[in-house]
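As structure tokens, the structure follows; a few thoughts come after it.
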Amino acid sequence: MIAAEDMYRLGSQRSAIRELFEYGKKRAEVVGVENVYDFSLGNPTVPAPDCVNETIRELTQTLDSISLHGYTSAQGDLATRQAIADYLNQTHGTHFTADDFYMTMGAAASLSLCFRALTTSREDEFITIAPFFPEYRVFVEAAGAKLVVVPADTKAFQIDFAALTERITPHTKGVIINSPNNPSGAVYSEETIEKLAFLLRKKANEYGTEIFILADEPYREIAYDGVEVPFVTKYYDNTLVCYSYSKSLSLPGERIGYVLVPKEVTESRIVYAAIAGAGRALGYVCAPSMFQKVLVKCMGQTGDIELYKKNRDLLYEGLTKIGYECFKPQGAFYLFVKTLEEDSDAFCERAKEEDLLIVSATGFGCPGYARISYCVDEDMIKRSFAAFERLYKRYRT
Ligand code: PLP
């Protein structure tokens with residue numbers, strides 16, 4: 001458990017991304033909003049699909065207050081969990097049932113519950129693959145465990161298996177994977193997932209332990225050019241899926257997602273009960289009622305992903321034309337660019353002088369890179385190229 005002073009530190013220091021976003025708002029008051037190129041946050045700009053607002057209208061007209069706004073079961077409405085199970089079974093040929101799902105307040109809550117449910121000792125370790133979502137460290141340490149980082153495979157942004165193998169120990173409780181990835185935009189291939197599953201089975205056998213995969217999947221549906229996003233439970237039994245509708249349905253402020261505990265997980269009912277227990281302990285019970293009901297009607301729908309793809313193409317082509325070295329994103333809505341000096345923090349500070357707000361990847365465990373969120377207005381991307389060009393020239397001429 002982390003101490004009160006750690007909670008104070010977490011609450012009083014904003015994350016680097018939030019800090020940058022707040023800076024952008026202040027800067028816009030000085031130079032005008034059209035002259036600030038804010039690529040800091042991953043806040044979806046594509047509207048929620050029509051069915052979301054249509055369903056809300058219908059629900060408010062047809063349901064009484066208690067049915068709509070009252071507490072649901074702690075683990076979520078049966079109808080919602082059944083609809084999710086049916087949808088996944090149809091899409092992936094799986095055999096989930098409603099009691100495999102625990103509804104949560106988004107992926108952040110899903111992950112926190114899993115870390116809390118699985119951690120049994122201070123020695124426990126969760127491995128993450130760089131570049132990784134910085135909040136993992138907060139969630140893992142809050143559960144009383146340690147975060148172990150595998151350095152990035154900067155060639156393809158898959159997994160450096162030699163580095164991962166070295167870091168698996170008898171204390172390893174789980175490996176967190178996030179694909180499509182924030183911040184690299186990479187999608188783990190089937191080959192990567194198969195290799196990972198093989199390695200974890202081997203290591204778990206060798207140590208006589210259980211090693212879980214925690215598949216953090218808020219970007220599952222945001223993938224481009226027909227790239228397949230392997231459904232991890234089909235490759236590895238001890239997989240817990242942490243899903244969220246924040247990005248796929250563009251509902252980040254509504255806080256809705258789930259943890260999936262398939263029956264193939266070792267002692268799955270005990271793991272499920274521990275997740276429900278963590279829900280009680282942390283107050284993550286009865287996920288937002290109205291949005292649970294919205295999900296039933298909007299199952300399988302997403303915002304218009306083509307709009308993100310259009311932004312990806314525009315930004316990738318524009319920046320590579322200037323001379324930047326970028327990884328072409330296969331999914332999510334972030335472009336990962338190599339910084340023009342080794343110190344990516346210093347590079348992002350210089351970018352700020354051009355009113356370009358991009359996030360240094362030091363906090364993502366991948367120095368030498370920066371993240372550019374392209375869930376932004378297309379016009380802002382177009383207007384930003386002159387600033388990107390000026391920044392480039394400061395280094396290359
Ligand atoms: N995991 C990753 C990789 C994310 O990018 C985010 C949000 O940006 C989250 C988890 C948290 O998502 P949620 O808003 O559903 O809590």
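Details
- Assigned charges on the beta-carbon of Lys, Arg, Asp, Glu; the chain dipole about Cα centre (debye): 320 debye
- For residue 172, the shell of other residues with beta-carbons less than 12 Å away shows a net charge of -2, using +1 for Lys and Arg and -1 for Asp and Glu.
- Approximating the spin labels as points 7 Å out from Cα along Cα→Cβ, the residue 190-to-residue 156 distance works out to 1.4 nm.
- In the chain, the DSSP beta bridges split such that about 45 percent are antiparallel, to the nearest 5.
- Under-5 Å amide H pairs with residue 104, H placed in peptide plane, nonlocal only: 257, 258, 259
- GNM flexibility winner over the chain from 371, 57, 255 (Cα, springs under 10 Å): 57
- Sorted from greatest to least, the principal axis extents spanned by the alpha carbons of region 98-236 come out as 43, 35, 29 Å.
- Local electrostatic count, residue 100, Cβ distance below 11 Å [Lys/Arg +1, Asp/Glu -1]: +1
- Value of D in µm² per second that Stokes-Einstein yields for region 289-397, Kirkwood Rh from Cα pairs, at 25 °C (0.890 mPa s): 162 µm²/s
- What the Cα atoms of the chain give is an Rg and a Dmax of 21.2, 67 Å.
- Packing around the peptides 354-364, 205-215, taken as the average count of other Cβ atoms within 10 Å per residue, puts them in this order, highest first: 354-364, 205-215.
- Based on the Kirkwood approach, the hydrodynamic radius assigned to region 269-341 is 16.4 Å, with every pair of different Cα atoms included.
- Peptides ranked, highest mean first, by Cβ atoms within 10 Å: ranges 68-75, 218-225: 218-225, 68-75
- Applying the criteria of a DSSP loop state and at most 16 other Cβ atoms within 10 Å to the trypsin sites (Lys or Arg not before Pro) of region 89-192 yields 122, 155.
- Computed FRET value (nearest 0.05) for residue 385 with residue 7, which takes r as the C-beta separation and R₀ as 56 Å: 0.85
- For region 290-302, putting each phi into the Karplus relation 6.51 cos²θ - 1.76 cosθ + 1.60 with θ = phi - 60° gives couplings of 4, 6, 4, 6, 4, 4, 4, 7, 10, 4, x, 8, 9 Hz, in residue order, rounded to whole numbers and with x for Gly and Pro.
Where a number appears in this text, it was derived from the coordinates with a stated rule and is not lab data. Remember, it's a predicted structure, so these values are computed and weren't measured experimentally. Quick reminder, even Gly has a Cβ in these numbers, built from the backbone with ideal geometry, and neighbours come from all protein chains shown.
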